[in-house]
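Read the structure below first, then the notes.
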Amino acid sequence: MSSNDGKRDLALTVRRILKVNHAGEFGAIRIYGAQIWMARRLFPDIVPALQEMRNDEIDHCRLFRDAMPSRKARPCRIIALWSLGGYVLGFLTALGGRNMVWICTEAVESTVHRHLQDQLTFLQTIDPELHGLIASIQMQELAHLKEAEKNQMKQGLSHAVLLPVISALTDLMIWLSTWGDSSWMRSEMARFDQT
């Protein structure tokens, strides 16, 4: 493999990171949007917190979209699936009650945090600008995770069942968004760490 091929592979990985992050933020916007719609009718006291988190996700989505052109990245091909999946997940969890809303947030944000941590490891020397952007976004995502953990009234059977299911669905959407390249990225990042 020539050094040009190595550079091309790194640029491709960066594009994949942007693609999946942008799609994930779009899905999160849809989750919060559906939850807010239901919460206004069922438990309006949590609407301000959900709106604040949704506003953060809107900002993150814009930031990732703005970072795409200079890296020749394009939005995800299955963004409509993120939209539908996010809305359905948000609607169903809100229908299940305020605790399910927070379980959903915990599951999604903990999965996102794991993926962002992998990306930060990979990008540290490859793309310091994108590394800085993701690091700042990760701080807000961790705040969402802490908010969700703080607001859960109990962690019973619904938590034990829903958390791994929603986490697995989030991982699946990430995998589908990159047509399996998220698995490749993880192994590429592991290889990068060993060098």
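The values are calculated or read from the model by the stated rules, or taken from the named source; none is laboratory data. All values derive from a computational prediction rather than experimental measurement. Note: ideal-geometry Cβ built from the backbone for every residue, glycine included; neighbour counts use all protein chains shown. What goes into the accessible areas is simple: the full protein's heavy atoms, side chains included, and nothing from ligands, DNA or RNA. Shrake-Rupley method; radii C 1.70, N 1.55, O 1.52, S 1.80 Å.
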Original post:
Out of all the residues in the range 94-112, is one or more farther than 30 Å from Ser158 by Cα and surrounded by fewer than 22 Cβ atoms within 10 Å (Cβ to Cβ)?
Top reply: no
Original post:
Considering only the range 41-59, how many residues are in contact (Cβ under 8 Å) with a residue 60 or more places away in the chain and under 10 Å from Ile29 (Cα atoms)?
Top reply: 2
Original post:
Which one of the conditions (1) under 14 Å from the mean Cα position of the chain (by Cα); (2) open to solvent by 40 Å² or more (accessible area, probe 1.4 Å) does Lys150 fail to meet, given that it meets all the rest?
Top reply: (1)
Subject >> Condition met for Ala39 (farther than 16 Å from Ile166 by Cα and open to solvent by less than 20 Å² (accessible area, probe 1.4 Å)) >> reply: yes
**OP:** Take the range 60-76 and flag every residue that is touching a residue at least 60 places away in the same chain (Cβ under 8 Å), within 17 Å of the chain's Cα centre (by Cα) and assigned to a loop (DSSP other than H, G, I, E, B).
**Re:** Cys76
